[in-house]
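These notes are about the structure you will find just below.
Coordinate-derived values only; no laboratory data. Keep in mind that what you see is a predicted model, and the values were worked out from it rather than measured. Methodologically, a virtual Cβ is constructed for each residue, glycine included, from the backbone with ideal geometry; neighbour enumeration extends over all protein chains shown.
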Amino acid sequence: MTITATLPDIDQSLGALARSIPGATRIFNEYALDFCCGGKHSLRAAAAERGLDAQAIAERLAALQPQADEQDWQQASDEQLIDHILTRYHAVHRMQLPELIRLARRVETVHGEDRAECPVGLADHLEHMLQEMESHMQKEEQVLFPMLLRGLRPMAGGPIAVMRHEHDEHGVALQRLADLTDDITLPRGACNTWRALYVGLRAFRQDLMEHIHLENNVLFERAA
C-alpha cells in the first residue's frame with residue numbers, strides 16, 4: 001500500500017483519486033463529495049460546486065495515513081473484489097434496508113401528525129429502493145459478475161452500461177432520501193427509534209456510496 005507523498009492534482013476526477021489514494025473516500029464523505037455516481041467530476045469542480053477549498057482537501061488527501069483495515073482494491077484480483085462486494089455490500093444492504101423500513105414506518109406512525117420534521121414518505125421510498133437494488137444486485141450476481149469471472153470482459157460492455165445507469169438512479173434515490181430527512185439531520189427531541197433510524201441511514205448511505213465507487217471506479221474501469 002502506497003502512502004501519497006505529493007499533493008494530488010485537483011483536476012483529477014474524484015473517482016481516480018478514490019481509486020489511487022486509500023482512505024480518500026473518508027475525506028470525500030466528510031465534505032459530502034459524490035465520488036461514486038459523480039466520480040467523473042474533478043476535485044476542483046466538485047469542490048467549487050459546494051463552495052469548498054479544493055486545495056485544502058488535496059492537502060488532507062496528501063496527509064492520509066492508510067488504516068490497518070484498508071485494502072487497496074485496485075491491486076486485488078477480480079475474484080477478490082467481487083467476493084468483497086458480495087459479502088460486504090450486497091449481503092449487508094439486504095440486512096440494512098428491511099430494518100430501516102421498519103424503523104421509518106414506526107417513526108411515521110408515531111410522529112407523522114405531531115412533528116413537522118417527521119420524514120413522511122421515507123418508508124415508501126426505502127421500500128422502492130429495496131426493490132430497485134434487489135433487482136440490480138441480482139443482475140450483477142446472475143449475469144455480470146459470472147461473465148467477468150469467466151474472463152469475458154469484451155462481452156461485458158452492455159451489462160456494465162446498464163449497471164452504471166442504475167447506479168446513477170441509486171444516486172438520485174440517495175438525494176431523495178436526503179431531501180426527506182434534512183440530509184439525515186435529527187430534530188431536537190427525537191425519540192430513540194428516530195435516532196436509531198438516522199444512524200442506520202447514515203451507515204447505509206456511506207455503504208452504498210462505497211459500493212458504487214468500487215464497481216464504477218475500480219471493477220468496471222478495469223473491465224473496460
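Calculate how steeply helix 122-139 sits against the longest principal axis of the alpha-carbon atoms of the chain, using the helix alpha-carbon long axis, and give the answer as 0 to 90 degrees to the nearest 10.
That helix lies at roughly 30 degrees to the long axis.
For helix 192-213, report the angle its Cα long axis makes with the longest principal axis of the Cα atoms of the chain; keep it between 0 and 90° and round to the nearest 10°.
It works out to around 20 degrees.
May I ask for log10 I(q)/I(0) of region 15-106 at q = 0.10, 0.11, 0.12, 0.24 Å⁻¹, from a Debye sum over the Cα atoms as equal point scatterers with solvent left out?
So the normalised log intensities are -0.36, -0.44, -0.51, -1.17.
Would you mind calculating the relative contact order of the chain from Cα pairs under 8 angstrom and at least 6 residues apart, reporting the percent as a whole number?
On the way: 221 pairs, mean separation 59.2, N = 224.
That works out to 26 percent.
For region 106-173, what is the charge dipole size about the Cα centre, in debye to the nearest 20, if Lys and Arg each add +1 at the Cβ and Asp and Glu each add -1 at the Cβ?
Working: 6 positive and 13 negative charges, 122 e Å.
Approximately 580 debye in magnitude.
Principal axis extents for region 1-62, Cα atoms only, whole Å, descending order, please.
30, 22, 19
I'd like the distance between the alpha-carbon centres of region 142-215 and region 86-103, rounded to an integer number of Å.
Using only Cα atoms, the two centres lie 11 Å from each other.
For region 151-216, build the charge dipole from Cβ charges (+1 Lys, Arg; -1 Asp, Glu) around the Cα centre, then report which of Ile184, Leu174, Met209 sits farthest towards its positive end.
Of the options given, the answer is Ile184.
Return the calculated 222 nm mean residue ellipticity for the chain, to the nearest 500 deg cm²/dmol, obtained by summing -39500 (n - 2.57) across DSSP H runs with n ≥ 4 and dividing by the residue count.
Numbers: 11 runs with 131 residues, N = 224.
It comes out at -18000 deg cm²/dmol, rounded to the nearest 500.
Nearest 10 degrees is fine. How inclined is helix 91-111 to the longest principal axis of the chain, computing both from alpha carbons?
20 degrees
Which value, in debye to the nearest 20, gives the size of the charge dipole of region 69-158 about its Cα centre, when Lys and Arg are +1 and Asp and Glu are -1 at the Cβ?
Details: 9 positive and 17 negative charges, 55 e Å.
With Lys and Arg at +1 and Asp and Glu at -1, about 260 debye.
Counting other C-beta atoms within 10 Å, which of Thr109, Thr6, Thr193 has the fewest, and how do the rest follow?
Working: Thr109 12, Thr6 7, Thr193 16.
Going from least to most buried by this count: Thr6, Thr109, Thr193.
Nearest 20 debye, what's the magnitude of the dipole of the chain about its Cα centre given +1 on Lys and Arg Cβ and -1 on Asp and Glu Cβ? Working shown, then result.
On the way: 22 positive and 34 negative charges, 34 e Å.
My answer is approximately 160 debye.
Are there trypsin sites (Lys or Arg not before Pro) in region 115-224 that DSSP puts in a loop and that have at most 15 other Cβ atoms within 10 Å, and which ones?
Values: sites: Arg115, Lys139, Arg150, Arg164, Arg176, Arg188, Arg195, Arg202, Arg205, Arg222; in loops: Arg115, Arg150, Arg188.
Listed in order of number, the matching sites are Arg150, Arg188.
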